[in-house]
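**Student:** Pasting a structure below so you can have a look.
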Amino acid sequence: MMISLIIDGKKIKAASGTTILKAASKADIHIPTLCFLKDYPHHTSCMMCVVKDKSTDRLIPACTAAVEPGMDIETDSQEVLDARRTTLELLLSEHIGDCEAPCRRACPTHMDIPKMLRHTSGNDFEQALNTVLEHIPLPALLSKICPAPCEKICRRKDYDQPVAIQALIRMLARQNKEKLFVPPRTSGSRKKIAVCGAGPAGLSAAFYLASSGNSVSIFEKNTRACHTICREFETTLHITQAVEQETARLQALGVNFHFTTELGKDITLKRLLKDFNAVIIATGTQDPKFWKNLRLEYPDKDAAADHHTYETGEKKVFVCGSALHPLKLAANAVKQGRECALSVDDCLGTGEARLKPRQFDSHIGRLQPEEIKEYLKSASMLAGIASVQNKNLILTPAQSIKQAERCLHCDCREASSCALRTYSTQYQVRASRYKSPERKPVRIINSHPFVVYEPGKCIKCGRCVRITAAKRESLGLTFIGRGFDIEVGVPFNQALSKALTHTAKECVRFCPTGALAFLSQEEEL
C-alpha cells in the first residue's frame, strides 16, 4: 500500500513500512545520520537523524520511524537543527580525541605537520615536501627564521625531547629544491595578477596564485626578495641562499620579478589596475601618506582591507602582510599571503571573495604521563635532536626518517573523513557545553597488525558490532558494560586481532569517528 505524506513541503508517496529516512532519500532530501548503515540491521542510537512531524508536533528518528498517512515532516527547521546540535554536543561531552595535533594548531600557517612526518617516516620525501608547500611556500626560508612554536608544544617533549620538525623541513627543502607543488585550480580561467612587495606575504601570495594557473608579476623596490629579512638574519643564519632558492622556485612557476620598481613612485596603482585583473599590496608597514597617495585609507584603521578576505574598498585591490597590520613573525605573513591568494582566486573566478571556514577541532587538553605512554606504543624511542637551538643543522635523509618516527601521532587518523567532525562544523557546536570537569583517560588499543582502536573516540553507534555479527566473526565486537560506562570492546577481554579477523577493513571504512582506524593513515581502504 502506498502512503501519501509531505516532507519539507514536497508531496511524496512511499510504500507502507518505508522509513522516513528512505522516503526522504528517494526525494533527494538529505537527512544526516551517524549510526545508520545501509543493508545492515538497525536500531536508533545517535538521534542525529531526528526530524519533526508537524502533524503530531513530535520529534522522531527518521532512520526507524515508518511513514504514516498525513505526516508533515520538517527536516531542517530551527527546532530540528537545534536538536541535532544538542545531540552532537552530548556526543562530544565524552569524546576523548584531538582532531588536530597541538603542533599543527601552534603553527602560524596551520601546516599539516603530522602528515608531513608520516610521509617522511615512510621515506616519501617528495610527498612530504608537497604537504609542507600546501601551507608553507617558503620552506627553506621559514625553517631557518621561524621560532618553531610547533616544537615548543610538541607532546613528545613531555617525555624526552620534541620531534625536530624544523630540521626536517630544512632537509626536505634541500632534498627537493626543484619540486613544485601545484594545488587544485580554484578559478575558471587564467588571470593576470600584480603583487607589490617581495617579502614573505607577497611571495606566498604569488606562489599560490601561480600554482593555480594565474600569470603573476611581482614588483619590488629593492634589488632582491626578502630584503629586510636578509639584512636582519644573514650574519647568523646565512639565509641569502635560502631566499635565492625560494625565488628560483617561484620563477620556475612562471612568476615574473620586477626589482627596483616601487609602487607609488616607479609605477602607479592606476596603471597596474589597467594592466592586471587584480593587485595585491604586500609592501610591508607603511605610513598614512603612502595610502593617501594610493587613494586608499590607512589599514590600521581597519578601513583599507577586510581582515578576512583582504579586499579593500577599491575593487580588485587587496592588502596583506604588514601592509595590513604589523606582523612579528614571517610565518604569519606567509599565512596571510596564502589566504589572500585564495581570496583573489575566488574573487576572479566567482565574483566573490570568500574564505573557507575553519573546521571544528576537538581538544583533549594536557596529557598525563600514563596517557603519553599510550601514544608511545607506536612511536620510536630514539632520542631527540635539539634543532631549534641550531638553525643551520641539516639532517641526513636517514636521520630524518628516524626522527619522524618519534612522532606520537596524537592527531586523529581520520580527521578529514570523520562524520562527527563534519557535522560539528556544519552545526557550529559548542564542544564544552556538556563536558564534565574530569574525563576518562586516553586508551589506545593496537593489538591488531594494521588497525588501532581508541575507545574514547567511539560514539557507540554500533556499526562495527553489526558488521562483525553479520559477517560471522567468531568473536567480533560487542557492547560491554551498562549505562554511562558502556563501551564497544572485544568479548572476554581478548585481543583486537581475534575480534577482527576478516572484517577489519569494513569496520574501519564505516566507523564514523576514526575510533577504528588504520595504523598508517595513508593505507587505502
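**Student:** Could you report the chain's accessible area per residue, 1.4 Å probe, as an integer in Å²?
**Tutor:** 47 Å²
**Student:** A further question on this structure: Tell me the mean residue ellipticity at 222 nm calculated for the chain from its helices only (DSSP H runs of n ≥ 4, each -39500 (n - 2.57), averaged over every residue, nearest 500).
**Tutor:** -10000 deg cm²/dmol
**Student:** Using Cα atoms only, what is the angle between the long axis of helix 227-237 and the major principal axis of the chain, expressed in degrees (0 to 90) to the nearest 10?
**Tutor:** Rounded to the nearest ten degrees, it is 80.
**Student:** Additional query: Using mean Cβ contacts within 10 Å as the protection proxy, how do 495-504, 202-211, 338-347, 83-92 order, highest first?
**Tutor:** Sorting 495-504, 202-211, 338-347, 83-92 by mean packing, highest first, produces 202-211, 338-347, 83-92, 495-504.
**Student:** Expressed as a whole percentage, what fraction of the accessible surface of the chain belongs to carbon and sulfur atoms when a 1.4 Å probe is rolled over the protein heavy atoms?
**Tutor:** Answer for the chain is 50 percent, counting heavy atoms of protein chains only.
**Student:** Return the subset of Lys11/Lys460; Lys54/Lys471; Lys177/Lys377; Lys144/Lys335 for which the Cα-Cα distance in this structure is over 28 Å, preserving the input order.
**Tutor:** Distance filter (> 28 Å) returns Lys11/Lys460; Lys54/Lys471; Lys177/Lys377.
**Student:** Expressed as an acute angle from 0 to 90° and rounded to the nearest 10, what is the orientation of the C-alpha long axis of helix 165-175 relative to the principal long axis of the chain?
**Tutor:** Approximately 60 degrees, to the nearest 10.
**Student:** While we're on this one: Quick check on packing: order 374-384, 130-140 by the mean number of other C-beta atoms within 10 Å, highest mean leading.
**Tutor:** Highest to lowest by the protection proxy: 130-140, 374-384.
**Student:** Okay, next question. Could you give the radius of gyration (one decimal) and Dmax (whole number) of the Cα atoms in segment 145-254, in Å?
**Tutor:** 16.5, 51
**Student:** Where a ≥ b ≥ c are the square roots of the eigenvalues of the C-alpha gyration tensor, would you call segment 184-324 rounded, which needs a/c under 1.5, or, failing that, prolate if a/b is larger than b/c, or oblate?
**Tutor:** oblate
**Student:** Under the definition of Cα pairs under 8 Å and six or more residues apart, what whole-number percent is the relative contact order of the chain?
**Tutor:** 17 percent
**Student:** Using a Förster radius of 45 Å, what is the FRET efficiency between Lys292 and Glu178 based on their Cβ-Cβ separation? Nearest 0.05, please.
**Tutor:** Computed FRET efficiency for Lys292 and Glu178: 0.55.
**Student:** Determine the gain in length on full extension of the stretch Ala495-Arg443; use 0.36 nm per residue of separation and subtract their C-alpha separation, reporting nm with one decimal.
**Tutor:** So the chain would gain 17.3 nm between Ala495 and Arg443.
**Student:** From the list (1) 174; (2) 194; (3) 150, can you say which value of volume of the Cα convex hull per residue in Å³ was derived from the structure given?
**Tutor:** It is the value labelled (1).
**Student:** Next up: Any chance you could list P(r) for segment 422-525, counting all Cα-Cα pairs in 10 angstrom bins from zero, rounded to whole %?
**Tutor:** 13, 45, 30, 11, 0
**Student:** Now a separate question. Along Cα→Cβ, 7 Å out, is where each label goes; now give me the distance between the ones at Phe450 and Lys356 in nm to one decimal.
**Tutor:** It is 2.8 nm.
**Student:** Under 16 Å Cα-Cα from Lys10, which aspartates and glutamates qualify once same-chain neighbours fewer than 8 residues away are excluded?
**Tutor:** Those aspartates and glutamates meeting the cut-off are Asp28, Asp53, Glu68, Asp72, Glu74, Asp76.
**Student:** Could I ask something else about it? Here is the link list: Lys265/Lys356; Lys152/Lys498; Lys265/Lys315; Lys289/Lys328; Lys289/Lys316. Which ones come out longer than 31 Å on Cα distance?
**Tutor:** Going by Cα-Cα distance, Lys265/Lys356; Lys152/Lys498 fall outside the 31 Å limit.
**Student:** According to a simple spin-label model (label point 7 Å from Cα along Cα-to-Cβ), what is the distance in nm between Gln78 and Gln251?
**Tutor:** Here the modelled spin labels are 6.0 nm apart.
**Student:** Right, here's the next one. Quote the relative contact order of segment 109-267 in percent (integer), defining contacts as alpha-carbon pairs under 8 Å separated by 6+ residues.
**Tutor:** Once divided by the residue count of segment 109-267, the mean separation gives 22 percent.
**Student:** How would you rank 459-472, 95-108, 1-14, 429-442, highest first, on the average number of other Cβ atoms within 10 Å across their residues?
**Tutor:** Per-residue Cβ counts within 10 Å, averaged per peptide and sorted highest first, yield 95-108, 459-472, 1-14, 429-442.
**Student:** Could you give me the radius of gyration and the Dmax of segment 1-75, taking only the C-alpha atoms into account and expressing both in angstrom?
**Tutor:** Expressed in Å, the Cα Rg and Dmax of segment 1-75 come to 11.3, 30.
**Student:** Determine, from the Cβ-Cβ distance of Ser16 and Tyr40 and an R0 of 22 Å, the FRET efficiency 1/(1 + (r/R0)^6), rounded to the nearest 0.05.
**Tutor:** Rounded to the nearest 0.05, the efficiency is 0.50.
**Student:** How far is helix 78-92 tilted off the main Cα axis of the chain, in degrees rounded to 10, range 0 to 90?
**Tutor:** Tilt relative to the chain: about 90 degrees.
The values are calculated or read from the model by the stated rules, or taken from the named source; none is laboratory data. None of these values were measured; they are calculated from a predicted model. Every residue, glycine among them, receives a Cβ derived from its backbone with ideal geometry; neighbour counts consider all protein chains shown. All accessible areas refer to the heavy atoms of the entire protein, side chains included, with ligands and DNA or RNA removed. Shrake-Rupley method; radii C 1.70, N 1.55, O 1.52, S 1.80 Å.
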